[in-house]
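Single-structure report; data block below.
None of the figures in this text is laboratory data; all of them are computed from the coordinates on show. Small disclaimer: the values here were computed from a predicted structure and weren't measured. Because the Cβ atoms are built from the backbone with ideal geometry, glycine has one as well, and the counts that use them run over all protein chains shown.
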Protein chains: 2
Amino acid sequence: MTEPLKIKPVSGFPEWLPNVKLAEERLLRTIREQYELFGFTPIETPAVERMDVLTAKGGVGRQIYGINRPQEGEDKSDTDLGLHFDLTVPLARYVALNSGKLSFPFRRYQIQKVWRGERAQAGRYREFYQCDIDVVGRSSLDLVHDAEMPCVIDSVLTALGIPEFAIRVSNRKILFSLVTANGVGEEQVADVLRAVDKAHRTGEEKTRKILAAEGLSDALVDGLIAMTGCADAAEARTILEGAGASTEGLDELEFVIEHAAAFGMTPGRLLPDFSIARGLDYYTGTVYETFVTGSEKQGSVCSGGRYDDLASYFSKERFPGVGLSIGLSRLFDLMQRNELADTSRSAPTQVLVTAQDRERFLSEYLGLARLLREGGIATQVYLESHGLGKQFGYASTLGIPYAIVAGESEIAAGEVAVKDLGERTQETVARDQLVPFLRERLGLG
Amino acid sequence: MTEPLKIKPVSGFPEWLPNVKLAEERLLRTIREQYELFGFTPIETPAVERMDVLTAKGGVGRQIYGINRPQEGEDKSDTDLGLHFDLTVPLARYVALNSGKLSFPFRRYQIQKVWRGERAQAGRYREFYQCDIDVVGRSSLDLVHDAEMPCVIDSVLTALGIPEFAIRVSNRKILFSLVTANGVGEEQVADVLRAVDKAHRTGEEKTRKILAAEGLSDALVDGLIAMTGCADAAEARTILEGAGASTEGLDELEFVIEHAAAFGMTPGRLLPDFSIARGLDYYTGTVYETFVTGSEKQGSVCSGGRYDDLASYFSKERFPGVGLSIGLSRLFDLMQRNELADTSRSAPTQVLVTAQDRERFLSEYLGLARLLREGGIATQVYLESHGLGKQFGYASTLGIPYAIVAGESEIAAGEVAVKDLGERTQETVARDQLVPFLRERLGLG
């Protein structure tokens, strides 16, 4: 026999032990449920797209994983393919390809793994989950949708048990109009906004120097610094008007914040933040970032925004939209660090039917398991020949809450002993009362 | 503006329109629910494994997709990686890597996409779903688990609405003992069993010729032909005993079939089939194949078996197990062809709140939607400025069953009109009765 292969995990490609995976699975289910409650429909695109689709917008080329078959021979039909690095490019391709068959506004959610060839480092995954919602219109999409999106995320994060968080919102037109109204050329805008976006981390003094080095007037530098520090719309309006800049973006932002309240947004959770300047290139209006209170340094767990034209690289038609994407892997990391994820159970099993006397009563044990499953209770039978102590130990280690024991006398009396493995108590229950008894204990209503 | 990129789907990588995806999503949920009802716990492994892990068993090298970063520069840490082509190799690697942290018997399910560089042809996907269950023991695993596995699949396929199907079962030791007891050498066994496996398609006469050409005695050829045609265990026992072969495999098979009944197997659905000879190399005992009645030509939709040692390439410890894998993509194809998949809805939305007079009553409409969602009803508000006719059309096209209309008089009276879009009827309902009314109509209990 040859020596077994030495195996070690591949860095950047996380996987979980069962107790952690069960917690992640609960998150995924909650997100799906909430998205569907708001009428978003699931789509799934292949992990694999043509390379020219993936690179149409440029920018992320270095991070894209190509796929290849080293021994493929003459069949070259799957060359020039790569793994998707986000779910927005596939959505754009999907909408362009299927626009004749979709109904608009098209409300879709998409929960899938994406892959990025990031340099391996703490908290950077090469394979991770994104959970996206977008509403896509054909030709036009009412601004009121921009007010709905953060309310969906508010519901999702609340349902996930995140105790406090803030969705920060701005509009790309605000800073854009401020700088372009003051003589900053188009080729320079990106550099200036990048410096503004980093202002909180860089510090005021250094940011002033950077902006001055870009050739900006003192008045504009003052305006930009004031804008990143300003907390309400009235103050922002004064700055814009003082600089002779358009207030269109600010008007939109005020509309969004005002209407979000009508959508049921929890008060105080949607906050204007005029320092949000970056965001992926395609955002053209509203932009969002979401921070878990106390974990702001971990970065935004849910970002997105409004785009004028989703599929411009793939279609001559215009598809405006607005979307948000939960970075589930990052959020889950943060929840684990803050003990917000319940990882106490390593199996979905709610009841273990033990086999005290397998030789004589196996059919009885299997019948009990069938009865429980028909009652909607996740049940497994211990099928190895081991003593009861080992069977209880197995249940406890997995975090299974209840075990059932039935020996000769119980079976003769039509009863079973139900052991609560957490409380370490035991009760005798009639067989025909077993399902309602356990459903009540398990909180299954 | 540049010309948009011409996009076309990549062959072998399927994706669905929303109505079909919703149906597939329901299948995935049902399978998960059923697997958990039997106490299987979800795990998920990365799509990406080291190439030496993927090729440890050999055999499928040509079909494996490697991944690479064309522009990766000096960071070579993700070379020699590939996409998994099944979920069994990743399970073996996972068990070997984590054996100290798992409880055995380890009951896991795993539902993920896998990738194979198959030659593109009808019904052959390069990316498709597998839905696996396995029970893995440490050192040993009781044979009774082999009787439980087909019962899990029986429950799953029943819950999916497959009207009739048969799980065919055999044991690899049966044909193996028959041929090796009669002088067939180890190097020849695979060729002989392959010919036997194909006997039903090849026909008796031609199969006899092939087997004779392998140098088999007339008596052995008779025995093999009789075995592939025999339908019950007693007859098989006569053949084995007549040939002086071991009956160990047959004893195991009888045990499995007998005990499956106690696990609740639907009578007539688990059938011995002594012609099942192939199966992936690692099966060493029980083997299963599953055919939907009337669609046998589409091949097995769920196959699996018992293996003596799952992780022999990755660990010195022995991990015997038994597993079954539903080929979901193939099964879903077959269900669509047989009209067993409900593709009538393109959104999970149960109620569309229309906006008859958005300017005045938007808050009212949003409040109705909140009320319904709090009652667990999937709801969306129509947020574009269009007439009611267009709004109803949108709901009908998506297959949304109910629409709510509220104008000035309804709102003043604390009522809404509920439109049943299927029946084309309308009822007036008091606002505070709306949730119970719709929950009852929607069958939400």
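Sorting A:SER170, B:SER155 from the fewest to the most surrounding beta carbons within 10 angstrom yields B:SER155, A:SER170. Less than 5 angstrom separates the built amide H of A:VAL381 from those of A:VAL353, all sequence-distant by 5 or more or on a different chain. Taking Cα atoms only, the orientation of helix B:186-197 departs from the longest principal axis of chain B by about 50 degrees. Residues whose amide H lies under 5 Å from that of B:GLU44, counting only those 5 or more places away or on a different chain, are A:TRP16; hydrogens are built 1.01 Å from N in the peptide plane. Between B:ASN98 and A:ARG337, the simple label model (points 7 Å from Cα in the Cβ direction) yields a spacing of 2.3 nm. Charge dipole of the stretch A:351-441 (Cα centre as origin; +1 on each Lys and Arg Cβ, -1 on each Asp and Glu Cβ, all else neutral): 260 debye, rounded to the nearest 20. Ordering B:CYS230, B:CYS302 by the number of other Cβ atoms within 10 Å of each residue's own Cβ, fewest first, gives B:CYS230, B:CYS302.
Between A:GLU440 and B:ALA159, the FRET efficiency from the beta-carbon distance, with R0 = 22 Å, is close to 0.35.
Within 10 Å of each Cβ in B:365-377, how many Cβ atoms from other chains are there, averaged over the peptide?
On the way: counts 1, 9, 3, 0, 6, 5, 0, 1, 6, 2, 0, 2, 1.
Across the residues of B:365-377, the mean count of other-chain Cβ atoms within 10 Å is 3.
Taking only the Cα atoms of the stretch A:253-311, the ratio Rg/Rh comes out at 0.98, with Rh defined as the Kirkwood radius. Karplus-based coupling profile of the stretch A:297-313, in residue order and whole Hz: 5, 6, x, 6, 9, 7, 10, x, x, 9, 10, 5, 8, 4, 10, 4, 7, with θ = phi - 60° in 6.51 cos²θ - 1.76 cosθ + 1.60 and x standing for Gly or Pro. For the stretch A:171-216, the gyration tensor built on C-alpha atoms gives an oblate shape. Its axis ratio a/c (a ≥ b ≥ c) is at least 1.5, and a/b is not larger than b/c. The calculated 222 nm mean residue ellipticity attributable to helices in chain B amounts to -12000 deg cm²/dmol, summing -39500 (n - 2.57) over DSSP H runs of n ≥ 4 and dividing by all residues. For peptide A:43-56, the mean count of partner chain Cβ atoms within 10 Å of a residue's Cβ comes to 5. Principal-axis analysis of the Cα atoms of chain A puts helix A:248-262 at an angle of about 30° to the longest axis. Taken one residue at a time, the phi angles of the stretch B:346-360 give Karplus couplings (6.51, -1.76, 1.60, θ = phi - 60°) of 10, 7, x, 4, 9, 9, 9, 8, 7, 10, 6, 9, 5, 4, 8 Hz. Gly and Pro are set to x. Would you mind estimating how fast the stretch B:127-197 diffuses translationally, via Stokes-Einstein at 4 °C and 1.567 mPa s with the Kirkwood radius over Cα pairs, in µm²/s? Estimated via Stokes-Einstein, D reaches 83 µm²/s. Relative to the dominant Cα principal axis of chain B, helix B:218-229 is inclined by about 20°.
Which order results if B:ASP52, A:ASP432 are arranged by neighbouring Cβ count within 10 Å, fewest first? Could you put the intermediate results ahead of the total?
Numbers: B:ASP52 13, A:ASP432 10.
Neighbour counts put them in this order, fewest first: A:ASP432, B:ASP52.
Take each residue of peptide B:21-28, count the partner chain Cβ atoms within 10 Å of its Cβ, and average: the result is 3. Shown here are the Rg and Dmax of the Cα trace of the protein assembly as shown, at 30.7, 103 Å.
Highest mean first, the peptides B:325-337, B:3-15, B:82-94 sorted by other C-beta atoms within 10 Å per residue fall in the order B:82-94, B:325-337, B:3-15.
Need one word for the stretch A:331-436: rounded, prolate or oblate. Basis is the Cα gyration tensor (sqrt eigenvalues a ≥ b ≥ c); a/c below 1.5 gives rounded, then a/b vs b/c decides. Write out the running numbers ahead of the final one.
Values: a/c = 2.34, a/b = 1.98, b/c = 1.18.
Judged from the Cα gyration tensor, the stretch A:331-436 comes out prolate (a/c at least 1.5, a/b above b/c).
Taking N as the number of residues in chain A, what is its alpha-carbon radius of gyration divided by 2.2 N^0.38 Å?
Working: Rg = 28.0 Å, N = 445, 2.2 N^0.38 = 22.3 Å.
In units of the globular-protein estimate, chain A measures up at 1.25.
Remark: for residue pairs A:LYS101/A:LYS316; A:LYS21/A:LYS419; A:LYS21/B:LYS113; A:LYS8/B:LYS316; B:LYS198/B:LYS316, the C-alpha separation exceeds 24 Å in A:LYS21/A:LYS419; B:LYS198/B:LYS316. Under a Gaussian network description of chain A, with springs only between Cα atoms under 10 Å, the residue in A:LEU372, A:LEU340, A:LEU27 that fluctuates furthest is A:LEU372.
In sequence order, the stretch A:139-155 has phi-based couplings of 6, 9, 8, 4, 4, 4, 4, 5, 7, 6, 4, x, 5, 5, 5, 4, 5 Hz under the Karplus curve 6.51 cos²θ - 1.76 cosθ + 1.60, θ = phi - 60°, and Gly or Pro positions carry x.
When averaged across all projection directions, what area in nm² does the alpha-carbon convex hull of the stretch B:263-398 cover? Can you show the working numbers first?
On the way: hull surface 60.8 nm².
It is 15.2 nm².
Among A:28-34, A:379-385, sorting by the average number of other beta carbon atoms lying within 10 angstrom of each residue, highest first, gives A:379-385, A:28-34.
With a simple spin-label model that places each label point 7 Å from the Cα along the Cα-to-Cβ direction, the separation between A:ARG26 and A:SER139 comes to 4.8 nm. Scanning residues 5 or more positions from B:PHE165 or on other chains, those with amide H under 5 Å from its amide H are B:THR293, with H placed 1.01 Å from N in the peptide plane.
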